[in-house]
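*Asks:* This is the structure I want to talk about, given as structure tokens.
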Amino acid sequence: MTTHNMLIAPDFSPDRFAGWHMFNTLIQKRANLNMHLNIPASHAEQEQVISAGDIQIIYANPFDAATLIREQGYRAIARPIGKSDEMVIAAAANSAISRLEDIQAGATVAMADNRDVKLIGLRLLEAVDIEASDLNWDVTETYQAAARKVIKGEAQVAFFLAEIFHSFSRLTKTQLSVLIESDLADISHVLLVKEDFPDAPIFLEAILSLHNDDDGKEALAELGMPQGFEPMSEEDAEFMIDLMQTLLD
Amino acid sequence: MGSPIPDAHKPDMPAEQITMTYHDGTSRTVYDTGIERPYPDGKLIVSRTNLDGIITHVNDAFIEISGYHVDELIGQQHYILRHPDMPKAAYKDLWSTAESGQKWHGYVKNLCKDGSHYWVYATVVPNVRRGETVGYTSVRRKPSRSKIEAAMTQYAQMKQDEEC
């Protein structure tokens, strides 16, 4: 039986790692497909793996989805229900920065390498006249490392993927002060398949029916997607890409 | 001539009554209370129109801040939101840019149903599907006070020039 390659964008909470393996196992069983799960450690590694070819399925972040759909022959088939991509800007709880307006030009922002989070964060900072060129960037391996930088005073603020921020321990969160959390609602990760992937219908059916039984529900809960997936039309995907385009500059 | 939008309801509070005439020749009475509504933090205000500027989609943030019910917006001209302080030249620039297939950015003062207003930084992109433009998406972000003040000065001058 042919083995298909599925790639998961690396920007998920470490707590979800087991969930993606459960997801892969269940989908293989139910769609009767052999699938190899690729979880690159970074965005750079993701790009390498995709450009090497032979990736049939990608769970992509919205920024990458735009390029993958419009330039690399993928199409969106599904997205998680009620799980939009949001970000948080936070400072140390004991710092002088208690609102966005307190961020000064020259401040250092700690964040993991995630272009969506950076893009949305910069759009939110426009409201207080802070631009990318006003800031220094400290790109950390993980969001947890970014949190430590802010708590230790090595960076003035940090950008986080909201889901990861909310998964931090209570101790970490009490040392941080949220300046703003985005509520964009319309932008989410998407499940893409290569245009010529012949098993797309059976794969999609397995994805959409996951929430119908206990095993599927358990996998979805582990992924933080309790409501499961919904189909995404070509127009839904194009609309989301149009939205992303408006945020680019 | 397009389908006219009904006149705005007169607010309970003091407000200036203004007759707006749009590019399609229709007119409408609106009221300006001068009250600014704060932009909702962290949100994007999103709408889509067809090629004729008729609203086909609005998100919850749009409904919340504009004060209109969704049924009062879908099917109406997007200029239902136009504030009398906005110069016509800004919209002319918006439409000619979007119709030429380009992205448009600008600061916009929008009128709410109750005569209040809100400022946005708007971006309009053409929705290109299989090489053909089928409509436009407008996404608004929160602008800074300094940018709003600069736009107020610029638009006041442009309005004055238009009225000369």
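*Asks:* Can you give me the C-alpha center-to-center distance between the range A:79-131 and the range B:1-59, rounded to a whole angstrom?
*Replies:* Cα centroid of the range A:79-131 versus Cα centroid of the range B:1-59: 32 Å apart.
*Asks:* Here is a further query. If you average the C-alpha positions of the range B:62-94 and of the range A:199-249 separately, how far apart do those two centres end up, in angstrom?
*Replies:* Here the answer is 33 Å between Cα centres.
*Asks:* Name the most mobile residue of B:TYR31, B:TYR136, B:TYR79, meaning the one with the largest mean-square fluctuation, in a Gaussian network model of chain B with Cα contacts below 10 Å.
*Replies:* Ranking B:TYR31, B:TYR136, B:TYR79 by mean-square fluctuation puts B:TYR79 first.
*Asks:* Using Cα-Cα distances under 8 Å and only pairs 6 or more residues apart, what relative contact order does the range B:22-164 have, in percent?
*Replies:* 27
*Asks:* If you don't mind, there's one more thing I want to ask. For a quick check, take a GNM of chain A with Cα springs below 10 Å and name the residue from A:PRO231, A:PRO80, A:PRO201 with the largest mean-square fluctuation.
*Replies:* Maximum fluctuation in the GNM of chain A, among the listed residues, is at A:PRO201.
*Asks:* Same structure again: Have a look at A:ASN34, A:ASN61, A:ASN212 and tell me which one the Gaussian network model of chain A (Cα, springs below 10 Å) gives the largest fluctuation.
*Replies:* Its mean-square fluctuation being the largest, the pick is A:ASN212.
*Asks:* Among the listed pairs B:LYS103/B:LYS159; A:LYS152/B:LYS147; B:LYS88/B:LYS142, which have their C-alpha atoms separated by more than 28 angstrom in this model?
*Replies:* Those over the limit are A:LYS152/B:LYS147.
*Asks:* Choose one of A:ALA221, A:ALA127, A:ILE187: the residue whose Cα lies farthest towards the positive end of the charge dipole of chain A (beta-carbon charges +1 Lys, Arg; -1 Asp, Glu; about the Cα centre).
*Replies:* Value: A:ALA221.
*Asks:* Next question. When the dipole is taken about the Cα centre of chain A, and only Lys, Arg (+1) and Asp, Glu (-1) are charged at their Cβ, what size is it in debye, to the nearest 20? Don't skip to the answer; put the middle values down first.
*Replies:* Details: 18 positive and 40 negative charges, 171 e Å.
The calculation lands at about 820 debye.
*Asks:* If you average 1/r over every pair of different alpha-carbon atoms in the range A:87-181 and take one over that average, what Kirkwood value in Å do you get?
*Replies:* Over the range A:87-181, the inverse of the mean reciprocal pair distance is 12.7 Å.
*Asks:* Calculate I(q)/I(0) for the range A:18-122 by the Debye formula, one identical point scatterer on each C-alpha and no solvent, and give its log10 at q = 0.15, 0.21 Å⁻¹ to two decimals.
*Replies:* Debye curve over Cα of the range A:18-122, log10 I(q)/I(0) at q = 0.15, 0.21 Å⁻¹: -0.84, -1.29.
*Asks:* Let me ask something else. Could you please rank A:THR3, A:THR67, placing first whichever residue has the fewest other Cβ atoms within 10 Å of its Cβ?
*Replies:* Details: A:THR3 11, A:THR67 15.
The most exposed by this proxy come first: A:THR3, A:THR67.
*Asks:* Fewest Cβ neighbours within 10 Å first, please rank B:THR133, B:THR49, A:THR2 accordingly. All intermediate terms of the calculation are to be shown ahead of the outcome.
*Replies:* Details: B:THR133 15, B:THR49 21, A:THR2 9.
The fewest-first ordering by Cβ neighbours comes to A:THR2, B:THR133, B:THR49.
*Asks:* Kindly put A:THR108, A:THR174 in sequence by how many other C-beta atoms sit within 10 Å of each C-beta, fewest to most.
*Replies:* Fewest to most other Cβ atoms nearby, the residues stand as A:THR174, A:THR108.
All of the numbers you see were taken from the coordinates with simple rules; none came from a lab. Everything quoted here is computed from the prediction, not taken from an experiment. Please note: Cβ atoms are built from the backbone with ideal geometry, for glycine as well, and neighbour counts cover all protein chains shown.
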